[in-house]
Each structure stands twice: as structure tokens, then as C-alpha cells.
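What follows is one structure encoded as C-alpha cells, with my remarks underneath.
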Amino acid sequence: MWSQDRHQRILSLLKSSNQVSANDLAELLDVSRETVRRDLLDLEGSGQIDRVHGGAVLKRKDNEAPFEARKGAHHRAKQDIARKAVSLIEPGSSIMVDAGTTTTVFGEVLAKLSGIMVVTNSIDIAQTIRAAGSDIDLILLGGQLVSDVPATYGELTLTEIARFNVDQVFIAPVAVDVSDGAFSFEIKEAEVARAMVARARETVILCDRSKLSATSRVKFCDANQIGTLVTDSRAKPEQLAPFEKTKIKVVV
């Protein structure tokens, strides 16, 4: 098989499965790992892929889409994730929730609960819970409004997070990898997520299938800090298998 044919095959595999490993490529293409390494270097050099530990992912855009535009992506999956994640909350417990499109949907289901404490930097979640009139001890963290995401960030937000100890934190990263951990796109978001993880007994990651076995710009926690991963039912077995081999509880 010529290199151009291999390149097209690799790109086709990436479009269908989000990430491929070098070992799998060597087997599927019937070539050596060194040949795969050269192919991935060529594709990375042409700007079509990003190499990651053990394989490759399709090239990510330099900038995230606006928050409102991202809210519509994988919406059904986010609803399924939200319902399952809320079922993990024990009566009378305390939780933290970060700001994101998945956690915004999570907040809509969360608002139906009562008798818990919710600490969040998400203005959307706070407004949803407030409008529901639910019996939730709601705390909106102070801070700066610095982006299109309706949420608070900065030193004040981080200082306020440090005042709490909670049972669980629910975080929606842009990527999570079993080797490299969980990631945000913006450093301000990663700072909040990292601070929240440090104040919770359990970290629950809410992540649809498109974000599994991938990395992004700013890491906020190691994989061994993740207690539970909640994802959608369309996640492929090969995406879930690496997580299921660890101590992470995988909820689909």
C-alpha cells in the first residue's frame, strides 16, 4: 500500500473513531510501527492530525466555537449523561459543578432535586435552580465575567472554592484520556476545575463520546483523580475499554 493510500485510510479511521492507536494502525495497515510513525509525522506536518500518546487524533481547531453554538452539539447525549449523573447524588450531600455546555444541561435535571447543597460558578445553573424554586442550598461563586461563557472566573472564584469541602464535584471537560487525564481548553476554566477537584471527595467527569481518549490544551487533573466517568450509550467499546481497566467507575 502506497503512503498516500495509508494516509487516506488513517484519516478515514480517525473520522469514524475520533482516535486511533499506533499499534492498531500497524496491524490494520499491515506495516511496521516505524512506518506508522512516519505516516503520522507526515499527516501532522500537513496539519491534518495531532499526534498524542500512543496514537493520533484529528487536528483540533485553534479556537472553541462560541458557548451558545456549542450548547447544541450532542444535546441528546448531554441529556442522557445529565440524568445518569444526577442519579449518583445522595440525599443531603454537597456538590460543586463547573460551567460548561454539558453541566448546563446537568443543571436542568439537578434543579429537580431538593435537600442538597450546590456550589457553582455557572450563572446558567444558578438561574435554572433559582427559577425552579427547589429546596437546594445554592451558592454562586463570585468572580469576574471574562468570556462568552456565563460564569465567574479568576482569583476571587478560586479563593471562594477553597472555603468548601464537598462530597462530589461534577466537571465537564473538553477531553479526557486514561493516560493523560482531563483537560480544559482555556486556562481560566482549568484553574476552576482544578480547584474544585481539590475540594471534593469524589470527582465525576461528564463527557460525551466525542471527548473520550483525547487531549486538549490545559490539563486540570490526572486520570487517577477521577472517581467516575459518565458518558453516553453511543460510546464505542474500544473507547470505554481503557477506562474500564482502571479504578475509574464507568457509567454509561
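The values are calculated or read from the model by the stated rules, or taken from the named source; none is laboratory data. If you're wondering where the values come from, they're calculated on a predicted model, not measured in any experiment. Neighbour counts run over all protein chains shown; Cβ positions are idealised from the backbone, glycine included.
Annotations for the structure displayed:
- Note on the range 140-157: residues that are surrounded by 17 or more Cβ atoms within 10 Å (Cβ to Cβ), in contact with a strand residue (DSSP E or B) (Cβ under 7 Å, 6 or more places away or on another chain), outside any loop (DSSP other than H, G, I, E, B) and free of Cβ contacts under 8 Å to residues at least 40 places away in the same chain total 2.
- Among (1) surrounded by fewer than 22 Cβ atoms within 10 Å (Cβ to Cβ); (2) modelled with pLDDT of 95 or more; (3) more than 20 Å from the chain's Cα centre (by Cα), the one test that ILE129 misses: (1)
- Of all residues in the range 76-99, those satisfying the criterion of being of a type in the set (A, V, I, L, M) and part of a helix (DSSP H, G or I) are ALA77, ILE81, ALA82, ALA85, VAL86.
- For the range 132-147, taking the residues that are modelled with pLDDT of 95 or more and either among the aliphatic types (A, V, I, L, M) or within 21 Å of the chain's Cα centre (by Cα) (or both), the one that is nearest to ILE161 (Cα to Cα) is identified as LEU141.
- Among the residues here, LYS249 qualifies as farther than 22 Å from PHE185 by Cβ, surrounded by fewer than 16 Cβ atoms within 10 Å (Cβ to Cβ) and in contact with a strand residue (DSSP E or B) (Cβ under 7 Å, 6 or more places away or on another chain).
- Restricting the range 196-227 to residues that are polar (S, T, N, Q) and surrounded by 18 or more Cβ atoms within 10 Å (Cβ to Cβ), the residue that is farthest from LEU141 (Cα to Cα): SER213
- Contact annotation: residue pairs with Cβ atoms under 7 Å, 6 or more positions apart or on different chains, pairing a residue in the range 216-230 that is in contact (Cβ under 8 Å) with a residue 60 or more places away in the chain with a partner that is surrounded by fewer than 22 Cβ atoms within 10 Å (Cβ to Cβ) and not hydrophobic (A, V, I, L, M, F, W, C), are THR228/GLU202; THR228/LYS249; VAL230/LYS84.
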